[in-house]
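Student: Starting off with a structure, shown below.
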Amino acid sequence: MIGDRLLVAEEVAVALAEGRPVVALESTLISHGLPYPQNLEVARASEAAVRERGAVPATVAIHEGRLLVGLGDSALEALATAPAGSVRKAARPSLAVALADGGWAATTVSATMIAAHAAGIRVFATGGIGGVHRGALGGGALGGTAPMLDISSDLEELGRTPMVVVCAGPKAILDVPATLEYLETHGVPIVTIGQSELPGFYARSSGLASPQTAPNVAGAAAIARVHLELGLGGLLVCVPVPEAEALPGEAARAAVERAVREADAAGIHGPETTPWLLARVGAITNGASVRANTALIVNDARVAGELAVALMG
């Protein structure tokens, strides 16, 4: 049973027992997403943002064969300073391998959802979800024809695990229209707060209409409450990146398109694709995309904290 593998931090366990709001946070952004010390700063800032809104943060990771739900500062630092390649990246398909290995592993969206749900947490904040990679349904980014079926397990997890996931939309490097279609097929509602267009991760708008909208966090919480009561799996709540750090839509799309072409030409594929593209977009934008990314991660945590509190009302 997965419960036998859980190790819930005391603060988190007490909050859950008392019926107080808790927000789960993933750990791959610490070990694989950002360089040190920025990764540690963002992890601490995300936890602080959750607390600021009246909820308890629970960063999730794997260590010594246990799913840790809630990390102390020393554990955050251990992940942030671990040598490159020493921390596994755990998703649903690799969760058992990561637990059997016994070392450190960081949890992606799918693995974090599994652990958080097992602990009784209903709200989870991340930067952007994974999805359908460009060319996954019809060949390479430059117009090939052989499908690669490169689709993140995040999407399947959203379809099966009852949890509210707060993010800035699908990562901009993905095939966003195909990702929306895939989520619809799997019965995952998408609600954007405060605007009619789906956020564009680095940019405030993707140029695509959001399937559903809510005027504010309270409105999103009202939808989430009913969705969870019905037991219909996950719900995706999208929040645009703060305006001060957002990239202009055209600039963001141009940088992503260029990075995708370069990745295709270089033969980058599989698990290497996302980190390679994110790093390349960062270089193309002279760091502006990294600033947007860090801002949206903390902002998503803040909104998730507010939403978790609203769900308790």
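Student: Among (1) within 27 Å of GLY194 (Cβ to Cβ); (2) surrounded by 14 or more Cβ atoms within 10 Å (Cβ to Cβ), where does ASP264 come up short?
Tutor: Going through the list (1) within 27 Å of GLY194 (Cβ to Cβ); (2) surrounded by 14 or more Cβ atoms within 10 Å (Cβ to Cβ), ASP264 breaks only (1).
Student: Give me the pairs, please: first residue somewhere in the stretch 88-117 and not assigned by TED's automatic domain parsing to the domain that holds ALA301, second residue anywhere and among the charged types (D, E, K, R) and surrounded by fewer than 17 Cβ atoms within 10 Å (Cβ to Cβ), beta-carbon distance under 7 Å, and either six or more positions apart or on two chains.
Tutor: ARG88/ASP101; LEU99/ARG5; GLY102/GLU64
Student: I would also like to ask the following. If I filter the stretch 132-146 down to residues being surrounded by fewer than 24 Cβ atoms within 10 Å (Cβ to Cβ) and either in contact with a Leu (Cβ under 9 Å, 6 or more places away or on another chain) or at pLDDT 85 or above (or both), which single residue comes out as farthest from PRO271 (Cα to Cα)?
Tutor: Here the residue is LEU137.
Student: VAL281 - would you say it is of a type in the set (A, V, I, L, M, F, W, C), in a loop (DSSP other than H, G, I, E, B), in contact (Cβ under 8 Å) with a residue 60 or more places away in the chain and buried (at least 23 other Cβ atoms within 10 Å of the Cβ)?
Tutor: no
Student: With the checklist (1) in contact (Cβ under 8 Å) with a residue 40 or more places away in the chain; (2) under 21 Å from ILE121 (Cβ atoms) in hand, flag the one item GLU229 doesn't pass.
Tutor: Tallying (1) in contact (Cβ under 8 Å) with a residue 40 or more places away in the chain; (2) under 21 Å from ILE121 (Cβ atoms), GLU229 fails exactly one: (1).
Student: Tally up the residues in the stretch 101-118 that are over 12 Å from LEU25 (Cα atoms) and crowded, with 24+ Cβ neighbours inside 10 Å, please.
Tutor: The number of residues fulfilling the criteria is 1.
The values are calculated or read from the model by the stated rules, or taken from the named source; none is laboratory data. From a predicted model like this one, the values you see are computed outputs, not experimental measurements. Positions of Cβ are backbone-derived with ideal geometry, glycine not excepted, and every protein chain shown enters the neighbour counts.
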